[in-house]
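First comes the structure, then the notes that go with it.
The values are calculated or read from the model by the stated rules, or taken from the named source; none is laboratory data. Computed from a prediction, not measured in an experiment: that's the story for all the values here. No Cβ is skipped: glycine too gets one built from the backbone with ideal geometry, and neighbour counts run over all protein chains shown. The area values use the complete protein model at the heavy-atom level, side chains included, leaving out ligands, DNA and RNA. Shrake-Rupley method; radii C 1.70, N 1.55, O 1.52, S 1.80 Å.
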Amino acid sequence: MTKERYERLMAPIRRRPKLHTAVRLAAKWLPFVTAGGVCLMSLFLLLTARWRALTLFMLPCALCFGIVTVVRRALNRPRPYDVLHFEPLCPYRPGKGKSTPSRHTAAAFVIALAFWQFGILWGLPFTVVAVLIGLSRVVCGMHWPHDVLLGAAAAVVCAVPFFFFLFFFH
């Protein structure tokens, strides 16, 4: 993506103050929806002593978060606003780095994938939130599109072995 494409993407949002506020609020608060979902589901599984489900719910999340954190530190790729010198839609820290892969996106997708073990009524809403989080990271100018795609891919790679275990060794 070029600076011009980011500016074209953000221009209609900047021109509409209410939309700009909505995008900033979504980017800030949607990750808390996924985090809150994990906390509540984990608490439910803990209180109902569903240890296997709790393990298959939490392990892919922890694994993905750890792997993505290590990869981000190792790569330390710059963020679009630092490379292209534009003002992102959301608050930011210049020179932050650690852009690839998007940890917000990876976490949201692995959480959504973990919720699918409880059915479509759990998995689908969290998948929609994960997609919105990924889109917001690009629209706000915090990540390159490939950062978000790599974050989602990391989530799939971390979750698939657990789904294999869940469905084939039930």
Exercise for the section: Give just the number: which of (1) within 17 Å of the chain's Cα centre (by Cα); (2) surrounded by fewer than 13 Cβ atoms within 10 Å (Cβ to Cβ); (3) over 25 Å from Val139 (Cα atoms) does Leu40 not satisfy? Expected result: (1)
Handout entry: Filter result for the condition that a residue is among the hydrophobic types (A, V, I, L, M, F, W, C) and either more than 11 Å from Thr34 (Cα to Cα) or in contact with a strand residue (DSSP E or B) (Cβ under 7 Å, 6 or more places away or on another chain) (or both), over Ala130, Ala154
Key = Ala154
Practice task
Name every residue in the stretch 47-60 that is at pLDDT below 95, assigned to a helix (DSSP H, G or I) and of a type in the set (A, V, I, L, M, F, W, C), in order of residue number.
Solution key: Trp51, Ala53, Leu54, Leu56, Phe57, Met58, Leu59
Practice task
Only residues that are open to solvent by 70 Å² or more (accessible area, probe 1.4 Å) and either within 11 Å of the chain's Cα centre (by Cα) or under 9 Å from Pro101 (Cα atoms) (or both): list them for the stretch 147-168, please.
Solution key: Leu149, Leu150
Practice task
Looking only at the stretch 117-124, decide whether some residue is among the polar types (S, T, N, Q), at pLDDT 95 or above and in a helix (DSSP H, G or I).
Solution key: no
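Can you tell me which residue among Lys28, Lys18 is within 16 Å of the chain's Cα centre (by Cα) and under 22 Å from Ile133 (Cβ atoms)?
Result of the check over Lys28, Lys18: Lys28.
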